[in-house]
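The values are calculated or read from the model by the stated rules, or taken from the named source; none is laboratory data. Everything numeric in this text was worked out from a predicted model, so none of it was measured. Positions of Cβ are generated from backbone atoms using ideal geometry, with glycine treated the same way; all protein chains shown enter the neighbour counts.
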């Protein structure tokens with residue numbers, strides 16, 4: 001699917017004219033890929049890399065454009081069972097246009113930062129900056145989910161909460177790798193600023209983006225380290241809850257067996273004391289209750305808690 005935009009009064013507006021200064025291809029079909037490769041001279045391997053979620057972020061210089069591949073978090077869906085995914089996005093900066101190739105589930109032009117744009121290069125930097133803030137928003141959600149699951153683990157013995165934590169931990173690993181890879185690309189953008197044609201204002205903006213990305217990376221590492229460190233403790237909580245339940249069941253079983261033994265002893269088909277006493281039933285019940293009390297006192301004396 002293809003969409004076109006243009007800059008009008010420093011704002012992005014839809015454009016139906018061709019060629020558009022800003023072209024966005026979402027999951028391009030074969031015809032659109034042919035247009036990118038044959039008309040715009042986009043390298044086929046680079047184009048396929050832009051749609052590969054496992055591709056490494058990188059910066060390449062082609063004869064007529066700059067090719068950039070960076071990572072963005074995919075929009076979370078509740079059907080993914082707390083799995084946060086990362087997607088690749090390709091940006092191809094020409095002298096007169098910016099071409100963006102992405103896959104489904106990636107939010108591009110959202111929020112206030114895309115209301116004041118002076119140039120296509122600035123739009124590219126704001127797109128990279130948006131990916132950093134998008135990662136940070138996802139990290140906040142991961143942290144909130146971790147706290148919620150932790151509260152449930154304290155009172156639950158189900159494995160699904162531990163599995164959810166493992167899934168979140170795996171997502172954080174992907175996030176850290178993606179943020180680190182984006183940081184490498186940003187450093188290359190800075191070192192090749194003159195070759196790309198960044199202005200002094202755009203260079204200052206790029207420095208701010210690098211700082212934000214480093215902070216986001218440290219935040220992701222902190223969340224990942226905390227989650228990994230506490231995984232064993234949370235698994236121990238589940239095991240301890242199970243042990244408490246088993247101990248309670250054992251107490252109930254023994255408490256039932258003791259009076260059962262007393263009643264069974266007086267139920268044997270042989271001559272027994274009190275069998276002709278009219279109060280034999282109440283005496284036996286009293287002995288059964290007494291046996292339970294003795295058992296409970298013995299349990300507390302031994303401090304089997």
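A few remarks follow.
- Failed item, numbered, when residue 62 is tested on (1) on the phi > 0 side of the Ramachandran plot; (2) more than 35 Å from the chain's Cα centre (by Cα): (1)
Listed here are the residues, each with its yes/no results for (1) at pLDDT below 80; (2) surrounded by 14 or more Cβ atoms within 10 Å (Cβ to Cβ); (3) in contact with a helix residue (DSSP H, G or I) (Cβ under 7 Å, 6 or more places away or on another chain).
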{"position": "134", "(1), (2), (3)": "no, yes, no"}
{"position": "142", "(1), (2), (3)": "no, yes, yes"}
{"position": "151", "(1), (2), (3)": "yes, no, no"}
{"position": "160", "(1), (2), (3)": "yes, no, no"}
{"position": "169", "(1), (2), (3)": "no, yes, yes"}
{"position": "180", "(1), (2), (3)": "no, yes, yes"}
{"position": "189", "(1), (2), (3)": "no, yes, yes"}
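- Within the range 266-282, considering residues that are part of a helix (DSSP H, G or I) and modelled with pLDDT under 75, the one nearest to residue 256 (Cα to Cα): 281
- Output for the range 11-26, where each listed residue is at pLDDT below 80 and under 35 Å from the mean Cα position of the chain (by Cα): 11, 12, 13, 14
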